Each structure stands twice: as structure tokens, then as C-alpha cells.
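Let me begin by presenting the structure, written as C-alpha cells, before commenting on it.
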Amino acid sequence: MTDFILRRLFQGFLVVFGVTTVVFVITRLAGDPVSLMLPLSASDEQRAAFAAQIGLDQPIWVQFLRFAGDVALLDFGDSLWQRRPAMEVVFERLPNTALLIAAGLGTAVVLSIPLGAIAALRPGGLADRLTTSISLLGLAMPQFWLGLMAIMIFSVTLKWLPTSGIGTPAHLVLPALTLAMTPLARFTMMVRAAMIDEMNTQYVKTARAKGLGLGRILRVHTLRNIMVPFLSISGWELITTLSGYTVVVETVFGWPGLGLTAVQAIQRGDLFLVQAIVFSIALMIVCIGILMDVLSKMIDPRIELN
Amino acid sequence: MNDPLLEIDDLRVDFDTRAGLVQAVRGVSLTLGRGETLGLVGESGSGKSVTAQAVMGLIDVPGRIAGGAVRWNGMPLVGEGVRRRPRRIWGREITMIFQNPMTSLNPLMTVGAQLGEVIHLYLGLRGAAARTRAAELLDAVGISGASRRLDQYPHEFSGGMRQRVMIAMAIASEPRLLIADEPTTALDVTIQAQILELLAGLQEKLGLSIILITHDLGIVAGLCHRVAVMYAGQIVETGTVDDIFARPGHPYTQGLIRSTPRLDAVEDRLVSIDGTPPGLRTPPEGCAFRPRCPAAQAACHAPQRLASHGAGHVACCRAGVDAWDVGAA
């Protein structure tokens, strides 16, 4: 196990190094960072001074080594927009995103397991058809639209919940539910399908022949067995949320997390902040991947980690 | 014979499939005494497994019990006369092992945990006491190093060993009837013999009744007291093993015995019964075996009944002679 984790950490390091290189190449070679970051009105002297300040006058390999060294120290330079270290901004915004994801994905996980299980008990029954239809609806609604509709109904018309911002638990409700919708639908469909398969397995038949009650069969024999596919799909969903859903939802609800900050940094041409955010997300995705593998191994003894 | 332990009375099981209603079991009647081993033989799709699953209460949608009854010690268990779901019969007094030991155990639970479920449920033991009992059971089915094996997962066991674990679970509650649904079909021949030997030994030691489902007449001859031959969802012949092998009354039984390879006979090729069993969506009116029978007559188109063929031996055929000799003549 330790062996496996070390090897995965090394692989993860390679991935992060790859991401770092790509970020470097795109920002240095695919465009002119100076004209991207400075206003149009900047004079040639100002441009040259800025280029020298961020090391653009050096040979490209010196630039890369400096960049890689800085990345290793989590130093991405100062955000031009915030006028403070980019990583500081990331660390300040990250907890907000983490809270939003925990609330949103947590809701999806907690609701999807009973919903999917109930639907699977009688495939084709009323509960099943209802759950399946609503899940399809959930998958069909884009989050930006769902978020705007939620604001219109619950904030503007009913005035139950704040439209945007952060601060109280009430502020969390709409963004978290909007974020939860797509994963909830996907999880429910997945739990339903996996449960139907599980209930038809020979070992569930054995469990029934042993005289075990339905409750025990569900708890002990099937729910645990669907955790392996559930874990891998939720890992995937967590990654999608981190690198996609949060950008949309945070923008719609003005939630000051990493996603909204990334959009603002891009709009302001704040290259260093964008780099810091991309790097942080890549690092988190690598860690999630390792964590999912280890958890799967803990649930299913048949999985060989080598 | 004293009061039968298990009575199956005109049992019918239907399956509602997309292609139409399939009558998998069409009026099966059987009795089983205490300590008796009954062989239920027939080819694939003849309804042997469905009959066994019906007795175990394991028929699921799209299947349903369409008629008849199963009684346990005179008490209604399945079908007619059942008021509420009987508890503590299935799993405690009647247990079952299945054809494929590779998939019959939960892959994510240790063998000890799966044995422990039964031990806890029926013997009320927990913790160290349950573990000791589980180890004794593994020992009783011939698994060595039992206390170490308890913590292993099914994938660490071979097929034969997994079937032994299944048997250990099936005898944990000290049942009175064990239904073995083709317990050796998925195993190597040498392992087959060991498993059958184990079953025979356990029967002697525990006074179990066994229903052994198989399509292998050799297994029946070695282990069973009585045989019931199924064809197309019906029982076509029952009798003692000796009687059936000596004087098979139904052409299908005769054909089965004829097509069993023998070590002591010099034959160029294996003998088989030509044709295939009828589909059970529209079961034939008369004898279901008629299209394949060499001795078929016009009277075979009429519905057939089981008729006495000697003491404790019934067959549902009018021919009463060796049809295959007649056919060959």
C-alpha cells in the first residue's frame, strides 16, 4: 500500500510537472504576456521595465528554470489585480469553493443512495419511473439556467433567500443546490443501475436463501458492493465540479471562490493569478485520483494496486 | 414411510417474458422423506432448478407461482394455503447451494463474515463464540487451516473450496433439508467426487434430507435413494434408483440411461437423443416427449398421466417397454 501511494505520488508529480510546463509554454510562447497584462496605454519604457521585472529578457531556458523553481516554492508572483502574492489569493478563496463543493456534492451523495436504491427495488415501478424522469430532467438543465431560475423564484419573487454573495448559511442554499443537481441526477441513475445488477447477482440469491431479511441484504450485501463504482464516479464528478461546475455556479451567484476568481483573473489579464489557480486545481485533481484509488482498494480486496 | 418432510403438490410456475408466457413448471408433484436423498434429473430447461427455487421461495418477477402448493411438515410453505410469509424455514430448516460457487459468495465480505451471518441469525452466537463455530464448520467441510481461512475473501479460494464454504453455510443452521442445485457442474471431475463424498458424509452424520439436482445420472446412481426425472416442466418418472436403472419405464429415462457414457462398454461414439425439448410457451397437449420418441403412437397425443410401474415406481408412458429397442427394431 505504502509502495503504491509513493508510486502514485511520483506519477502525480510528473502530471503536475507536465501541467506546469504547459502553463509556462502557453503563457510565454503563445502570446505576449506584457501586452496581455499591461493596459493599452502603457508606454514602451513601461513595457520594457515590466518585461525585465518578470524576467522576460532572459533566455527561455533560464525563464523556465526560474518558473519551475518558483512553482516548487508555490510562488507564482504577485497578482496584478490584487497587488499581493497570487497564491495568497488562492488560499483565501479556496475554503469558499471547498465549502460550496462539500455542501453541493454532499447533498448529491446523501440523497442519491436512498433514491437510487428505492428506484431499484422495483424496476419499472412508480418510484423507479418518477426517479428516472426527474434525474433525466436534472441532467438536461444547464446549471447557469437553473441558477438564474432559482434566483428568480426563491430570491426575487418569494424573497426567501439572498440572490448572491456569501456570509450566512442562507447564502449557501441556492448555490449548493444548483451545484448538486447534475451530480445528484447522475449519482441516482448510477446507484439505480448498479443496485438492479447487484440484486440479480448470485450472491444476493445466496443471501436470500440464507434467510436474511431485505434490510440486511441491502445494507450488508449490496450497498457496500456498489460503493466501488460509486466511488469512481464520484471522484470523476468531484473533478468535474472542481474544474467546471464551480466556475458557472460561483459566477451566477457571485460566490467568491476559486471558479469566480479564475473568471475575474482571466477578464483582467492577470496571468500570474490564472497560473496559480490552474496549478492548484491540477494538484487537487491529482490528489483526488490517488485518494479514490486507495479508498477503492480499502473497499474491494480484489483490486490490485500494482 | 412416515409422514413426508416435504410435499410438492401440482406445482406450477410461469414466467411472463417479452416473448409470451413460459410455463416452466407444469404440475410437479413430489414427496421427500426424512433422511432421504432424491435426485432430480433432466436436461437444461426441464424445470428442475425452477422447482427448487420455488421450494426456496426464490421465484422473482417475472416468474410467479401459478398454482399448486409446497408443504413443509404439513404446513403450507409456497402457493395455496400460505397466509403470511413463513419465516425461519428458508435458511434454517431448508438450505440451498447453487451451481456456480465462483459467484455464489459475496466478493467483498470475508468468508468468516458470510458464515457468521448465518451463525448469528440461527444460533444466536456472536464474537469469539461465533468465530469458533465458523471454524468448526469449515473444518467439518474439509477446509484446513480454518481459523486463518475465515479472514480470507472468496477470491482467495478455489472453486471446490468455495463450494465447501457454501456447504458449510448451508449446514450451519442444522437444517433438515439441503437442496443442491447442480453443486458439481462447474467443478473439475476430481473435485466433483470430493464434494459428492462430502455431501454423502454430511447426510449420514446429520441425518439430512437432500434434493440433488443434476443432469448426471452417474452422480444420481452413486448418491441418491430415489430419482425423479423431469422433462419439459413435468415429472415423467419417479422411482428408487435401483428400479429406475433396472427397469426405466419412460422412453426419455431410457434414452438418458442409454446416452450415459460407460467405462466398461466399447462404443465408437456417444449415444444421444435426437431432437430438442419443446418450447414451453405453447406446451404440447399430450406427451411432451412424443416428437423425439421412437415408440410414439397415436394415443400419445392425448394428455398423459403418471401410472404405476411397479412398487413405488411411476412413469407417464403407455409404452412400458424399452422404446429404443422397439424403435430400432
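Of the residues making up region B:59-103, those that are assigned to a strand (DSSP E or B) and more than 17 Å from B:LEU178 (Cβ to Cβ) are B:GLY63, B:ARG64, B:ILE65, B:ALA66, B:GLY67, B:GLY68, B:ALA69, B:ARG71, B:MET75, B:PRO76, B:VAL78, B:GLY79.
Scanning region A:13-33 for residues that are among the hydroxyl-bearing types (Ser, Thr, Tyr) and at pLDDT below 85 returns A:THR20, A:THR27.
Restricting A:SER243, A:SER232, A:SER296 to residues that are assigned to a helix (DSSP H, G or I), open to solvent by 40 Å² or more (accessible area, probe 1.4 Å) and over 24 Å from A:PRO95 (Cβ atoms) narrows the list to A:SER232.
Looking only at residues in region B:305-329 that are assigned to a loop (DSSP other than H, G, I, E, B) and open to solvent by 50 Å² or more (accessible area, probe 1.4 Å), the one that is modelled with the lowest pLDDT is B:ALA329. Of the residues making up region A:114-140, those that are in contact (Cβ under 8 Å) with a residue 40 or more places away in the chain and open to solvent by less than 40 Å² (accessible area, probe 1.4 Å) are A:GLY116, A:ALA117, A:ALA119, A:ALA120, A:ASP128, A:THR131, A:THR132, A:SER135, A:GLY138.
Within region A:242-250, the presence of a residue that is in contact (Cβ under 8 Å) with a residue 40 or more places away in the chain, within 14 Å of chain B (Cβ to nearest Cβ) and farther than 30 Å from B:ILE89 by Cα is excluded. Do we find a residue being out of contact with any Pro (no Cβ under 9 Å at 6 or more places or on another chain), over 29 Å from A:GLY12 (Cα atoms), polar (S, T, N, Q) and open to solvent by 70 Å² or more (accessible area, probe 1.4 Å) anywhere in region A:55-66? Looking through region A:55-66, none of the residues is out of contact with any Pro (no Cβ under 9 Å at 6 or more places or on another chain), over 29 Å from A:GLY12 (Cα atoms), polar (S, T, N, Q) and open to solvent by 70 Å² or more (accessible area, probe 1.4 Å). Does region B:157-166 contain at least one residue that is buried (at least 16 other Cβ atoms within 10 Å of the Cβ) and within 19 Å of B:SER209 (Cβ to Cβ)? Yes, because at least one residue in region B:157-166 is buried (at least 16 other Cβ atoms within 10 Å of the Cβ) and within 19 Å of B:SER209 (Cβ to Cβ).
Residues checked against (1) acidic (Asp, Glu); (2) touching a helix residue (DSSP H, G or I) at 6+ places or on another chain (Cβ under 9 Å); (3) assigned by TED's automatic domain parsing to the domain that holds A:ASN200; (4) farther than 30 Å from A:ALA51 by Cβ:
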position: A:ARG84; (1), (2), (3), (4): no, no, no, no
position: A:VAL89; (1), (2), (3), (4): no, yes, no, no
position: A:LEU100; (1), (2), (3), (4): no, yes, yes, yes
position: A:SER112; (1), (2), (3), (4): no, yes, yes, yes
position: A:ILE118; (1), (2), (3), (4): no, yes, yes, yes
position: A:LEU121; (1), (2), (3), (4): no, yes, yes, yes
position: A:ALA127; (1), (2), (3), (4): no, yes, yes, yes
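Beta carbons closer than 6 Å, at least 6 apart along the sequence or on distinct chains, pair a first residue in region B:45-58 that is in a helix (DSSP H, G or I) with a second that is acidic (Asp, Glu) for B:SER49/B:ASP181; B:ALA52/B:ASP181. Give me the residue from region A:205-217 that is of a type outside the set (Ser, Thr, Tyr) and facing chain B (nearest Cβ under 8 Å) and, out of that set, most open to solvent (accessible area, probe 1.4 Å). Going through the qualifying residues, I end up with A:ARG216.
Selection over region B:87-120 of residues that are within 8 Å of another protein chain (Cβ to nearest Cβ) and open to solvent by 50 Å² or more (accessible area, probe 1.4 Å) gives a count of 5.
Given the structure, is B:ARG26 surrounded by 17 or more Cβ atoms within 10 Å (Cβ to Cβ), touching a helix residue (DSSP H, G or I) at 6+ places or on another chain (Cβ under 6 Å) and either of a type in the set (Ser, Thr, Tyr) or not in a helix (DSSP H, G or I) (or both)? In short, no. The condition of being surrounded by fewer than 23 Cβ atoms within 10 Å (Cβ to Cβ) and away from every other protein chain (no Cβ under 13 Å) holds for only one of A:MET227, A:MET190, A:MET195, that being A:MET190. Within region B:193-215, the residues that satisfy the criterion of being over 18 Å from B:SER173 (Cβ atoms) and touching a residue at least 12 places away in the same chain (Cβ under 8 Å) are B:GLN194, B:ILE195, B:LEU196, B:ALA200, B:LEU212, B:ILE213, B:THR214, B:HIS215. Consider B:ALA135 carefully, then state whether it is in contact with a helix residue (DSSP H, G or I) (Cβ under 7 Å, 6 or more places away or on another chain) and not basic (Lys, Arg). In short, yes. Would you confirm, using the coordinates I've provided, whether B:VAL189 is among the β-branched types (Val, Ile, Thr) and open to solvent by 50 Å² or more (accessible area, probe 1.4 Å)? Taking the combined requirement at face value, the residue satisfies it.
The values are calculated or read from the model by the stated rules, or taken from the named source; none is laboratory data. Computed from a prediction, not measured in an experiment: that's the story for all the values here. Neighbour counts are summed over all protein chains in view; Cβ atoms, including those assigned to glycine, are modelled from backbone coordinates with ideal geometry. For accessibility, only protein heavy atoms count, side chains too; no ligands or nucleic acids. Shrake-Rupley method; radii C 1.70, N 1.55, O 1.52, S 1.80 Å.
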